[in-house]
Each structure stands twice: as C-alpha cells, then as structure tokens.
1. Taking the stated definitions as given, is residue 60 at pLDDT 70 or above and surrounded by 10 or more Cβ atoms within 10 Å (Cβ to Cβ)?
2. Looking at (1) in a helix (DSSP H, G or I); (2) modelled with pLDDT of 90 or more, can you tell me which one residue 74 breaks?
C-alpha cells in the first residue's frame with residue numbers, strides 16, 4: 001500500500017489520465033465568459049427598465065386628470081371647479 005502511494009506520487013499530471021486536463025482555458029471558456037457577461041448586462045438592464053417604469057410619471061398633470069374625470073361624468077361641475085381652483089392656487 002505504501003509502495004503504490006509512492007509510485008503514483010511519482011507520476012506527473014501528463015502520465016496520470018485521472019488528472020489529464022486541458023492546457024489553458026481554450027476558446028470555449030472565452031465564449032462562455034462573453035455569454036455570461038451578456039447575460040448579466042441584460043439582466044441588470046431589464047431590472048433597471050422595470051424599476052424605472054414603475055416609478056415613471058404618466059406625463060399628465062393633475063388638472064388633465066380632473067378634466068378627464070369631469071368629461072367621463074365622475075365629477076360634478078362644482079367638484080371640478082373646486083379642484084381646478086385648488087390646483088391653480090398651488091401653481
């Protein structure tokens with residue numbers, strides 16, 4: 001048992017097929033690294049797009065929204081006029 005350990009310890013990595021690995025990374029590792037980078041960039045960009053979309057304003061002013069609600073009949077004339085005056089006072 002001791003003799004076999006010293007014999008196998010004397011072999012180099014090239015002689016022992018168990019440890020026979022490729023020399024260097026090779027082109028497949030380069031392509032894999034590029035795809036991993038593309039994956040992470042797309043994932044982070046997608047997350048940023050979703051987050052900014054959640055907090056982005058619609059571009060309509062509060063007065064526009066009140067006018068739309070008045071046009072749909074959700075507000076009476078008095079309610080709309082009161083809201084319009086309040087919004088115009090706020091600036």
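1. Yes, satisfied.
2. Every condition holds for residue 74 apart from (1).
The values are calculated or read from the model by the stated rules, or taken from the named source; none is laboratory data. Note that the structure is a prediction, hence the values are computed from the model and not measured. Counting neighbours? That spans all protein chains shown, and the Cβs are built from the backbone with ideal geometry, glycine included.
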